[in-house]
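Each reported figure results from applying straightforward, stated rules to the coordinates on display, with no laboratory input. No experiment lies behind these values; they were computed from the predicted model shown. Positions of Cβ are backbone-derived with ideal geometry, glycine not excepted, and every protein chain shown enters the neighbour counts.
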Amino acid sequence: MKKIVIASVLKPVDDVRMYEKFAQTLVENTDNQYEIHIIGALSTQSQSIKPPPSVYFHTMLHFHRLQFHRWLLGVYFLQKILQIRPNLVIITTPELLVAALLSKIRLGIPIIYDVQENYFRNILYQPTYSLVFRMPLALGVRFLEYLSRMWVDFYFLAEKNYEKEFSFSKNKSKIIENKYKADKQSFFKKTSKNIDYQSVLTFLYTGTISPTYGTLKAIHFIKKIKKYFPNSQLLIKGYCSNPQYRQLLEKSAEGCGFITLAISEIPIHHQEIIEAFTGADIALLPYLPNKSTENCIPAKLYEYIAHLLPMIIQKNPLWEEVCSPTHAALFIDFENFDAELLGELMVRFPFYKDNTTDFVWWESESQKLKQVIEQIIDTKKLA
């Protein structure tokens, strides 16, 4: 049985991509070919989840993304590598690039870097770090990514546009998009709901809660649209690592019984998020225009489309391209929109007139994943 380690610093061990998409895909229908070890942080349910027999969780303390200690978790990672002695290591964060090099020097292990985000742009354009540190830190991370090309064997790219945004992965990469993986036997789709001004509408915001993703705009939105849909309400459910921003949201929702904040200080298990879809009528994606996200397709976009959940989304040509074939969404500028006009559009718009959703599913990506893993482990050569 071949051993594979999938590791992250901030992502939980039951992270959607690491566990549900990568690990479960590799152990499904492979006759015990792989043993998967996932190294990551705790989540709301990671201690209660029972993974398949050949999947193992190795949890470490959860650190705030601004804490320097997160860079020291490479020591924990190396200890686990020496203990497990895997045939392949997949790392998902730049903090582990140096530790991956040391593991390769010591044990000769092939390394895959799963590039889930453009970390250079994230650091530079998101308000996570102070302005003084953004450019030096962004340049440092990008330098490390280019330098690590010497020891990284292959790259997975979570976005098509990453091939254009950087070149360190050139000629040894495969695009593995964050499409939706679900059990289709127990899968549900939203039934079409006729929207009128007296409808009891539940608007939904899910996922990471931060200024960049426009969570506060969702609160402003419901306050504005409620004038025309008086029975509307908003549920915000997700993980927020910024206590100041969480307090700002709580203050903004104060006295508003139609707003429910289900905010966690640690990552929320993915299934908890999916369960929130059942009681929702329209999902909100109020992303603020930002160079760090403009070329990325949010994974929840695929999830909402798969469940036929109507959406109202911040204007973005790439996202409009994804949603247009199924009439999945209305696009507005959350900073400045006419609520009365939007209400008229919501009542008239034929959401999911064409409900073909084949393009959002993980199956096509899973085949690419398996192919690369087999090539590296079985022959240690890349096609």
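Overview of results
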| item | result |
| --- | --- |
| Value of relative contact order over the range 124-267, rounded to a whole percent, pairs C-alpha under 8 Å and six or more apart | 18 percent |
| Of (1) 22.6, 79; (2) 21.3, 66; (3) 22.1, 70, the label for Rg and Dmax of the Cα atoms in Å derived from the coordinates | (2) |
| Relative contact order (percent, whole number), the range 202-360, Cα cutoff 8 Å, 6+ residue spacing | 24 percent |
| Candidates Thr191, Thr92, Thr260, ranked by Gaussian network fluctuation over the chain, Cα under 10 Å, top entry | Thr191 |
| Burial ordering of Tyr197, Tyr205, Tyr119, fewest other beta-carbon atoms within 10 Å first | Tyr197, Tyr119, Tyr205 |
| Order by protection proxy (mean Cβ within 10 Å, highest first), peptides 289-296, 173-180, 50-57 | 173-180, 289-296, 50-57 |
| Spin-label model distance (nm) - Glu294 vs Leu102, 7 Å beyond Cα toward Cβ | 3.9 nm |
| Full-extension gain in nm, Gln271 to Thr44, via 0.36 nm per residue minus C-alpha separation | 80.6 nm |
| Ranked packing of 316-324, 156-164, most packed first, by mean Cβ within 10 Å | 156-164, 316-324 |
| Estimated [θ] at 222 nm from DSSP helical runs (n ≥ 4, -39500 (n - 2.57)) normalised by residues in the chain, nearest 500 | -9000 deg cm²/dmol |
| Charge context of Arg85, other residues only, Cβ under 12 angstrom, K/R +1, D/E -1 | +3 |
| For the range 289-383, alpha-carbon Rg and Dmax in angstrom | 17.9, 61 |
| Along principal axes, Cα extents of the range 202-360, largest first, whole Å | 40, 33, 31 |
| Out-of-range pairs (alpha-carbon distance over 23 Å; input Lys193/Lys217; Lys21/Lys353; Lys181/Lys370; Lys3/Lys300; Lys50/Lys172) | Lys193/Lys217; Lys21/Lys353; Lys3/Lys300; Lys50/Lys172 |
| Average Cα contact separation per residue, the chain, under 8 Å, 6 or more apart, as relative contact order % | 15 percent |
| Additional length obtainable on full extension of the chain from Val132 to Lys189, 0.36 nm per residue less Cα span | 15.8 nm |
